[in-house]
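The values are calculated or read from the model by the stated rules, or taken from the named source; none is laboratory data. Please read all numbers here as calculations on a predicted model, not as lab measurements. Counting neighbours? That spans all protein chains shown, and the Cβs are built from the backbone with ideal geometry, glycine included.
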Amino acid sequence: MTQNLYQQEIIFWEESPSHWTKSGAYFLGILLTAAFGLGLIFILITYLNVKYNRYRLSNQRLVITKGFLSRNMETIELYRIKDLQLQASFWQRMIGIGNIFLISSDKSLSKIGLLGFHNSEEKFHHIRSLVEEARINRGVREIDQNDYLE
C-alpha cells in the first residue's frame, strides 16, 4: 500500500502576530496625535497592517498573507524547511510572545520570520514536529555538501 503524499490538508492554527510587535509605531502615533493630530491615521494604518498579516499552518504548508489594500500570499511547503530558531527578548518574554525564524531551501523564502506570537515555544515545537513528519512523508533527506568534501 503506497502512502498518499497529498493527504487531506489539516489546518492547525491561523492567526496574526501580536500588536506588541508594533508597540513603537503605536507610541509614535500617540506622539504624532498629540503634536499634529495625524497620529490617528498612523495608528489605524499600523493596526490594519498587523490585523491583515496572517499566518496559517497546516500539516503540509505555511501560508503567509499580507496586506489590507492589496494582498500578497506566499506559501512554503513544510518539507522545505531546514532549520528553526526561537527568539524572545526579555520584554517579549514578560508579555508572553516570541519570534520564530524558519530557514528553508526555497529560493524566494529562504528566511521567514514569524514575529510576535503568543505561545511561541509551543508553536515552535509543533512546527518542528510537522516539518519532520512532512519530510518523512515525502522521503526528503538532508544532504550537506560538506559531507563529501572530507
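Quick notes
- If the condition is being part of a helix (DSSP H, G or I) and closer than 27 Å to I143 by Cα, then the range 78-106 contributes L78, Y79, R80.
- Residue that is modelled with the highest pLDDT, among those in the range 124-150 that are outside any helix (DSSP H, G or I) and over 23 Å from the mean Cα position of the chain (by Cα): G139
- Looking across the range 92-120, not a single residue is charged (D, E, K, R), surrounded by 13 or more Cβ atoms within 10 Å (Cβ to Cβ) and at pLDDT 90 or above.
- Selection from the range 15-60 of residues that are surrounded by fewer than 13 Cβ atoms within 10 Å (Cβ to Cβ) and either at positive phi or touching a strand residue (DSSP E or B) at 6+ places or on another chain (Cβ under 8 Å) (or both): G37
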